[in-house]
């Protein structure tokens, strides 16, 4: 820790940006650990949620960076167990969403987040072009992006037999409307 | 009873049987479904991770389409969809300043007048009718599994109680089933990591399957396509993780109610499961 | 023509920094009626007051306006000073230049102008002021203490030993309160009942103390020194004078399966019962909700058995009205129940208990005779988890405050458990250890160091049952938030201390303030901690905020000292801010027309009907008259009066309109 | 902003409010303890009752009720009081001087 790096402009801190974007005040967290205690993936995280909050409370660039680079933020399932039980009513998953966005924006996302990210990107691409999720397209797209070509090759035929794998996408009529929607939300930045 | 219907993407693909069974059961109960015209995907668990506005615009378009179609109440059987629709609706209620941007993106006006309900809420209203029409009581021990999205976050969904919910248990009792007392009703199954981190899904869902069987459940009953696909499609990975062959089926609540009403197992899509519902064929003749 | 003096205070920088006080004093000289106007750095200081007194004499002032801080702060100071200088104290008024002007405005011409305006308004008021004289009222030198726990007992004993009569009212059948339920007390581990029961007996036998157990306060009228309190004596269904407390009725009662409140539901009692063997008074009551006779009309076994024929099935509640001079509230607290915890199973697991239940399990007089047995199957628990801050410091559960006593009693519980089950493992989940008291931290260290209680810093997210064990899912924040799972046989929740049931209702009955959690509010958080905002009503113990025994007892003695101080005079002096109905010479008598709308509006029943009689004895008219002893000076009757026959001294119509006309 | 001290809202004769407007106030705040928490037990209930009647009457008579604010603020709510005063003064400033009232009154009385 370098306590010498004094912050006159707390606008620089991730904590401040979180508060601006989500309304969550980091100071509300009093480090009771109830979030980590109930989190289904806390044992897999390099930084459990309470540790993420602790580091952000410092407002120091080196700790902000460690949070942005952590793998744990990509493991959050948004199951909302933590926020439901948090005695201080902190909306932790909302903060996790925002931190992930910042990690991407600043090019600090953990390398192992690549697969998870590839999946979400493929997912959104699919609905941008067809309006609805095209599961076969999603999986194919994900495989190309993640380079896990052989993953789940055994599952697809089984699903096909059960009538669960539509080989053709479901297209909505107003696909231009969807393009427009994407352009005016995620496409803005 | 007439109600708007938003099936969502999963119910067209990997969870077709949820759509089939929901339609079959509601038809048998005299409910007319009005599908939202030209609906799109709600963004599920991907949109909010990458872009906040997108995660509101996608559900807002669905709700605006429903408004245009004169729908005042909309059933979204998929727990993820109903959760996303509710979240977006409340976000727009809390932050009206977002509305102009969202209306521009979706290219139509949004009033926020549509009431969103999940499948358990709709079935709960029809509970008396269901128990009257039950011809083949579902005399099995069941683990009712609600998952995350139906009850959390409580401030958003405002449905049942956040821990140890009861609505599905009461519904199952109404059709003759015996819900087991188990602690994992709302534990997470691994949700959207089905494809990317199957190892986590195997572990979390494995815990559920193992405990349900230990407590004597003949079936795990769900109301969410993601939960179902993790418990059913990922059973091979689960069993590999647990080093044991667990054959307890995962069924949608609509399938259980459908069987109790004496509907054809095939019409309920029971043949589509990877983990076979062994007793489905005989369920119709039990009494 | 009035001769009014204006004294403007700088209040150091408080007023002086934003208001040009010198200029204000200068401007005030031009107000008609003002003959003297000066400013001074601190008017409230001795030299400041002296300056005012000298000016009163020198300039023959008949009215004074002190332009300084809030009258709440220093009105008594300046009125006393004015009185000492020879004018009537009520000819002195204060203009609030600080809160109403300097603190809320920027420095500038307009601010200075506003200060002068505020003074001008008060000068107009003083011109219409009348000399007033304090009212003397007698004091009934009997105190009532509400609540018979350790706090209430201490208050009662201290007042009684001071030579005054005390009525001790307790809603349950015996005095003793929560302390009588405790096994041992921290930090000395002495037996709770052993130290409490002598006090209980002393209270019962004291010639100055009247015990009213199984009784509740229903109505309070009057004011300090002169309350009228109506108490409901609930029917015990027996004649207390005949009952000898032999206990035969209890032995023979066939209805033995009723959940026992004293043992917190962990044991059973009969329908006719005393809460615990050392109860004071040792006279049973019949629980009419559970008694077979009241449910079916048959049984009466107790009546047949009673050797003194003391049972009275037809006895009814009795209302008693008492004259009381001062009231002390010592109504204590309640604990949040385990069913308030969704994540711990909504209270459905029998082996998840609260702190008070643990006390009963550990107590030699408890349902297990002090042997550690868990409630579900009676097995000796080998692993026990204690969870501090259960529901406390938890906004989501509506209790953001610290319950204060849990850190200490949790350490005590863990210790007691280890003393009883030597091979057992005790874990404590905590957030902070708040052990700030004499020998308190040493006590906690002893639990950790000598009794090897494992303290884990973190909260517990969920508890569920598996194979007869309770799976406790916690985290250790000192290990970076690492999840910790403990398989326990029993879990003790140190649940939040909350205000007692119906405390808000009682507060409304007594007209005392309470906070948003239902705790009674003290008059000042630092300087008047045992008084309420209602004169003559005092506080002791956990009805004000979470407290432990030593604090409760200390506060109880403090409240008792206040009551004894009040009772040291035969009469009380009260502010003459009261309403009066005008009287005129015959044949008008008064502008009051006798509609008595004021009577309905008066919150204090202070308005009486007075009959004006001719010499012949014939009633000419009936007029309103205000009892100055009862009137509190709110002025509601004044605003209600249709003929403007009532006026409020100190805030008369003439005074208020004079102020308004000057705005 | 000028403060006039009365013991209780129950003491307030609503004629005072009119008098204040007449004498040049552009807005009036009537404030005291919350219902159920009256320092004088129940004076504020009577004040509230009279306020309801007064308000109706003023509306009928065409008095601009944006000029008169009735709000419960207890002695423990300093921040709330400051907020109320700021809001009302802003609102009254936006409305400007209440000359209409004084013209009418002036024509009638003086």
*Those residues of segment C:173-206 which are in contact with a helix residue (DSSP H, G or I) (Cβ under 9 Å, 6 or more places away or on another chain), surrounded by 21 or more Cβ atoms within 10 Å (Cβ to Cβ) and part of a loop (DSSP other than H, G, I, E, B), in sequence order*: C:174, C:175, C:176, C:177, C:182, C:183, C:186
*Please indicate, with yes or no, whether at least one residue in segment C:20-41 is within 38 Å of the chain's Cα centre (by Cα) and at negative phi.*
no
*From the list C:470, C:478, which one is part of a helix (DSSP H, G or I) and at pLDDT 95 or above?*
C:478
_Filter segment A:144-182 down to the residues that are within 16 Å of residue A:128 (Cα to Cα), at the interface with chain B (Cβ under 8 Å from one of its Cβ atoms) and in a helix (DSSP H, G or I) and list them by number._
A:177, A:178, A:180, A:181, A:182
*Filter segment D:34-54 down to residues that are within 14 Å of the chain's Cα centre (by Cα) and in contact (Cβ under 8 Å) with a residue 12 or more places away in the chain and give me whichever is surrounded by the fewest Cβ atoms within 10 Å (Cβ to Cβ).*
D:48
*Please determine, by comparing only the residues of segment C:329-367 that are free of Cβ contacts under 8 Å to residues at least 12 places away in the same chain and either in a helix (DSSP H, G or I) or more than 14 Å from every other protein chain (Cβ to nearest Cβ) (or both), which one is surrounded by the most Cβ atoms within 10 Å (Cβ to Cβ).*
C:342
*Restricting attention to segment C:283-305, does a residue exist that is assigned to a strand (DSSP E or B), over 27 Å from the mean Cα position of the chain (by Cα) and touching a residue at least 60 places away in the same chain (Cβ under 8 Å)?*
yes
*asked:* Considering only residues that are assigned to a loop (DSSP other than H, G, I, E, B), within 20 Å of residue D:89 (Cβ to Cβ) and within 7 Å of chain C (Cβ to nearest Cβ), which ones fall in segment D:13-52?
replied: D:23, D:24, D:25
*asked:* under 24 Å from the mean Cα position of the chain (by Cα) and part of a helix (DSSP H, G or I): is that true of residue C:518 in this structure?
replied: no
*Considering C:13, C:26, which residue is surrounded by fewer than 18 Cβ atoms within 10 Å (Cβ to Cβ), free of Cβ contacts under 8 Å to residues at least 12 places away in the same chain and touching a strand residue (DSSP E or B) at 6+ places or on another chain (Cβ under 9 Å)?*
C:26
*Limited to segment A:127-138, what total is found for residues that are closer than 18 Å to residue B:15 by Cα and more than 7 Å from chain B (Cβ to nearest Cβ)?*
4
*asked:* Restricting to segment B:216-234, and then to whatever is over 17 Å from the mean Cα position of the chain (by Cα) and modelled with pLDDT of 95 or more, can you tell me which residue is surrounded by the most Cβ atoms within 10 Å (Cβ to Cβ)?
replied: B:217
_Being within 14 Å of chain C (Cβ to nearest Cβ), touching a residue at least 60 places away in the same chain (Cβ under 8 Å) and surrounded by fewer than 23 Cβ atoms within 10 Å (Cβ to Cβ) is the requirement here; does residue A:57 meet it?_
no
*Taking the stated definitions as given, is residue C:493 farther than 29 Å from residue C:184 by Cα and within 14 Å of chain A (Cβ to nearest Cβ)?*
no
*Tell me, which residue of segment C:522-532 that is within 14 Å of another protein chain (Cβ to nearest Cβ) and crowded, with 19+ Cβ neighbours inside 10 Å is nearest to residue D:38 (Cα to Cα)?*
C:532
*Can you name the condition, by its number, that residue C:637 falls short on among (1) part of a strand (DSSP E or B); (2) in contact (Cβ under 8 Å) with a residue 24 or more places away in the chain?*
(1)
*helices (runs of 4 or more DSSP H) contained in segment B:45-122 and holding at least 2 residues within 23 Å of residue B:154 (Cα to Cα) and touching a helix residue (DSSP H, G or I) at 6+ places or on another chain (Cβ under 7 Å)*: B:52-68, B:79-94
_Subset of segment B:10-38 (residues that are buried (at least 23 other Cβ atoms within 10 Å of the Cβ), at pLDDT 95 or above and not in a helix (DSSP H, G or I))_ = B:36
*How many residues does segment B:22-41 contain that are within 13 Å of residue B:5 (Cα to Cα) and away from chain A (no Cβ under 14 Å)?*
8
*Can you give me the number of residues within segment B:171-212 that are within 14 Å of chain C (Cβ to nearest Cβ), assigned to a loop (DSSP other than H, G, I, E, B) and over 28 Å from residue A:142 (Cα atoms)?*
7
*Of all residues in segment C:207-238 being touching a helix residue (DSSP H, G or I) at 6+ places or on another chain (Cβ under 6 Å) and either surrounded by fewer than 19 Cβ atoms within 10 Å (Cβ to Cβ) or at pLDDT below 95 (or both), the one that is farthest from residue C:538 (Cα to Cα)*: C:208
*asked:* Among the residues that make up segment C:583-604, is at least one of them in contact (Cβ under 8 Å) with a residue 12 or more places away in the chain, within 14 Å of chain D (Cβ to nearest Cβ), assigned to a loop (DSSP other than H, G, I, E, B) and under 23 Å from residue C:133 (Cβ atoms)?
replied: yes
*Examine segment C:616-633 for a residue that is within 30 Å of residue C:114 (Cα to Cα), without any contact (Cβ under 8 Å) to a residue 60 or more places away in the chain and either surrounded by fewer than 21 Cβ atoms within 10 Å (Cβ to Cβ) or within 14 Å of another protein chain (Cβ to nearest Cβ) (or both), and state whether such a residue exists.*
yes
*From A:124, A:138, grab the single residue that is buried (at least 22 other Cβ atoms within 10 Å of the Cβ), over 14 Å from the mean Cα position of the chain (by Cα) and outside the structural domain of residue A:27 (by TED's automatic domain parsing).*
A:138
*asked:* Against the definition (in contact with a helix residue (DSSP H, G or I) (Cβ under 6 Å, 6 or more places away or on another chain), surrounded by 23 or more Cβ atoms within 10 Å (Cβ to Cβ) and under 20 Å from residue C:447 (Cα atoms)), how does residue C:386 come out, yes or no?
replied: yes
*Has segment C:605-612 got at least one residue that is buried (at least 21 other Cβ atoms within 10 Å of the Cβ), facing another protein chain (nearest Cβ under 10 Å), within 28 Å of residue C:509 (Cα to Cα) and at pLDDT below 90?*
no
*Could you please find all residues in segment B:189-215 being under 23 Å from residue A:121 (Cα atoms) and within 20 Å of the chain's Cα centre (by Cα)?*
B:189, B:190, B:191, B:192, B:193, B:194, B:195, B:201
_Going residue by residue through segment C:593-601, is there one that turns out to be surrounded by 15 or more Cβ atoms within 10 Å (Cβ to Cβ) and within 18 Å of residue C:223 (Cα to Cα)?_
yes
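The values are calculated or read from the model by the stated rules, or taken from the named source; none is laboratory data. A quick note: this is a predicted structure, and the numbers were derived from the prediction, not measured. All Cβ positions, even for glycine, are placed from backbone atoms using ideal geometry, and neighbour counts span all protein chains on display.
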